[in-house]
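The values are calculated or read from the model by the stated rules, or taken from the named source; none is laboratory data. Quantities reported herein were computed from a predicted structural model and do not represent experimental measurements. Cβ atoms come from the backbone with ideal geometry, glycine included; neighbour counts cover every protein chain shown.
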Amino acid sequence: MAFATALFAFVNIFQNNLFRVLAVAAIVGLILALTTREDAFPAGDRHPKMIWVAILGGSAFAMLFPLPILSWVGAVATGIYWFDVRPQLRSIINGEYNY
């Protein structure tokens, strides 16, 4: 019984710290989205700039507070920005149109 309790506590601490790190990533993504040119988003066939700012801001909020399913949704949205949207916007801004 003690092992199960310790394992549950470890998983809970790990999950909370993971969401805190991802919330920081969402905040950094929010700042980067705010400083990205407005016309890069439609050029990359993405949602408008303010939509991504709202998504990343909501994701950071959801991950900083213990909102069970919304934390996972925020983590996925942050991952989509960092691994899909941001690289494409960066290549468009740098003039590399080979996406």
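The table for this structure:
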read-out	value
Qualifying residues in the stretch 88-98 (those that are over 12 Å from residue 36 (Cα atoms) and not polar (S, T, N, Q)) - the one modelled with the highest pLDDT	95
Scan of the stretch 41-53 for residues that are over 11 Å from the mean Cα position of the chain (by Cα) and not basic (Lys, Arg), ordered by number	41, 42, 43, 44, 45, 47, 48, 50, 51
Residue selected from the stretch 25-48 under the condition under 17 Å from residue 83 (Cα atoms) and free of Cβ contacts under 8 Å to residues at least 24 places away in the same chain, by the criterion surrounded by the fewest Cβ atoms within 10 Å (Cβ to Cβ)	45
Test: residue in the stretch 92-99 that is in a helix (DSSP H, G or I) and not aliphatic (A, V, I, L, M)	no
Identity of the residue in the stretch 32-57, among the β-branched types (Val, Ile, Thr) and touching a helix residue (DSSP H, G or I) at 6+ places or on another chain (Cβ under 9 Å), that ends up nearest to residue 72 (Cα to Cα)	55
Subset of the stretch 1-24 [more than 21 Å from residue 83 (Cβ to Cβ) and hydrophobic (A, V, I, L, M, F, W, C)]	1, 2, 3, 4, 6, 7, 8, 9, 10, 11, 13, 14
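Table: residues versus (1) within 12 Å of the chain's Cα centre (by Cα); (2) within 30 Å of residue 12 (Cα to Cα); (3) surrounded by 14 or more Cβ atoms within 10 Å (Cβ to Cβ).
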residue	(1), (2), (3)
67	no, yes, yes
71	yes, yes, yes
78	yes, yes, yes
84	yes, yes, no
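To keep it simple, each residue is scored yes or no on (1) modelled with pLDDT of 95 or more; (2) under 30 Å from residue 95 (Cβ atoms); (3) not in a helix (DSSP H, G or I).
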| residue | (1), (2), (3) |
| --- | --- |
| 19 | yes, no, no |
| 27 | yes, yes, no |
| 46 | no, yes, yes |
| 69 | no, no, no |
| 81 | yes, yes, no |
